[in-house]
Amino acid sequence: MADGAAVRRVFSDVVPEAIYHLAAMTHVGESWHDPSRVLRVNVLGTAEILAAARQVPGGPRVLVVSSAEVYGVVTPEQLPLTEDTPTAPASPYAASKLAAEVVALQAWRGYGQPVVVVRPFNHIGPGQSPNFFVPALTKRIIEAQRSGAGSLKVGTLTTRRDFTDVRDVVEAYRLLIEMGDPGTAYNVCSGRDVAMSEVAAQLLALAGVDLTLQTDPGLVRPVDVPVLRGDAGLLRETTGWQPAVPLATTLADVLSSWEAD
C-alpha cells in the first residue's frame, strides 16, 4: 500500500464510495525488530491511501483504523480511557499508528477530506491470525491436547485487556462510515478489562484440558501496557452502537474454528 501508483490504479478501477483502511503491519512485538519498516508501511502507506482517495470522484469517506495502543502505559487513575486521554505510545507500532492518525486528521483539516479515525481496543474472533495472543494460545492449547503435553509456554498473563468480538467491531466501523463525524477519533471497545490469565483459564476449560502454563521470557515484550480499558461513549452517542457478543461466546467460536483445522 506504500506504492502510491498501484493504489491509485486500484481506486481508479473500483471508484469506491467508502474506504475502510485496515492495511498495516499490526504485530506489536515484531515492531521492535524493524521499526523503520513499520513506520514506512503504517504512516506513508496511510498517506498514499488518502492521496489516492482524494482523486476519486465524489470524495469517498475514509475510515482510518488506528489502535488503543496510542494511549501507551496508563495509570489506573486514567481508566477508562476516552478519546481525550493524552497519547503516549510506548512501542514502534503505537508510534506508527499515532503518526498515521496525524496524517489522517491533517487530511481533514487541510483538504476537507471526509476522514474518520477509530481506535479499536483488542478485538478477537474466529479466523484471526495466530500472530495475536488469543488465537496463538488457542492453537497451542489444541496442539498440546493432541500431543498429550502437560505444559505450555506463554508470554505475560498479568496484563489486562479490553476485548470486543470482531463482529461487533465490524458493525462499529460500518456505522462510523455512515454516521461518524469527519476529523474525529472514536474508541471501539467493550468498557471491560479482562486479565490474560482469565482468558487462558476460559480457553483451557472450554477445551477440557489441564495444562501447566509456564512463562517464557522469549514471549515477553520489551514494554507491555499493564491495563487497557476504554470508554466507547462517543461511539454510542454518535451511532447507537453497543457490543452484542459476550466474551465466552467469542472464545468458544475461536476454539471451534481451530479444532476444525
Given contacts defined as C-alpha pairs under 8 Å and at least six residues apart, what's the relative contact order of the chain, whole-number percent? 22
If each residue of separation counts as 0.36 nm, what is the full-extension length gain between Gln214 and Tyr111 once their alpha-carbon separation is subtracted? 31.9 nm
Surface accessible to a 1.4 Å probe, His27 within the full protein complex, Å²: 50
Expressed per residue, the solvent accessible area of the stretch 1-152 in Å² (1.4 Å probe) is about 46
Quick one: accessible surface of Arg192, probe radius 1.4 Å, all protein chains present, in square angstrom to the nearest 10. 130
With every protein chain in place, the accessible area of Ser12 for a 1.4 Å probe, in Å² rounded to the nearest 10, comes to 80
Name the residue, out of Ala244, Ala95, Ala195, whose mean-square fluctuation peaks in a Gaussian network model built on the chain with Cα pairs under 10 Å. Ala244
Label-point separation (nm) for Ser147 and Ala201, each offset 7 Å from Cα along Cα-to-Cβ? 2.6
I need the calculated FRET efficiency for the pair Ser257 and Thr75, taking r as the beta carbon distance and R₀ as 45 Å, to the nearest 0.05. 0.80
Using only DSSP helix segments of four residues or longer, with each worth -39500 (n - 2.57), what per-residue ellipticity at 222 nm results for the chain after dividing by its residue count and rounding to 500? -12500 deg cm²/dmol
Expressed as a whole-number percentage, the relative contact order of the stretch 116-175 with C-alpha contacts under 8 angstrom and at least six residues apart is 50
For the chain, Rg(Cα) over 2.2 N^0.38 Å is 1.05
Given a 10 angstrom Cα cut-off, can you work out which residue in Tyr186, Tyr20, Tyr173 is the most mobile in a GNM of the chain? Tyr20
So which GluC sites (Glu not before Pro) in the stretch 11-85 pass both tests, a DSSP loop state and at most 16 other Cβ atoms within 10 Å of the Cβ? Glu17
Can you give me the distance in nm between label points at Val170 and Leu157, each placed 7 Å from the Cα along the Cα-to-Cβ direction? 3.2
For the chain, take the longest principal axis of its alpha carbons; what is the angle in degrees between that and the long axis of helix 196-207, to the nearest 10 within 0 to 90? 60
Carbon/sulfur accessible area of the chain, % of total, 1.4 Å probe, equals 53
Taking 0.36 nm per residue of sequence separation and subtracting the Cα-Cα distance, how much length would be gained by fully extending the chain between Ala244 and Asp224, in nm to one decimal? 4.4 nm
GNM top mover of Leu251, Leu211, Leu176 - the chain, alpha-carbon springs below 10 Å: Leu211
Within the stretch 182-203, find all residues whose amide N lies under 20 Å from a label point positioned 7 Å from the Cα of Thr82 along Cα-to-beta-carbon. 182-193
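The values are calculated or read from the model by the stated rules, or taken from the named source; none is laboratory data. What you are looking at is a predicted structure, and each value in this text was computed from that prediction instead of being measured. Quick reminder, even Gly has a Cβ in these numbers, built from the backbone with ideal geometry, and neighbours come from all protein chains shown. The area values use the complete protein model at the heavy-atom level, side chains included, leaving out ligands, DNA and RNA. Shrake-Rupley method; radii C 1.70, N 1.55, O 1.52, S 1.80 Å.
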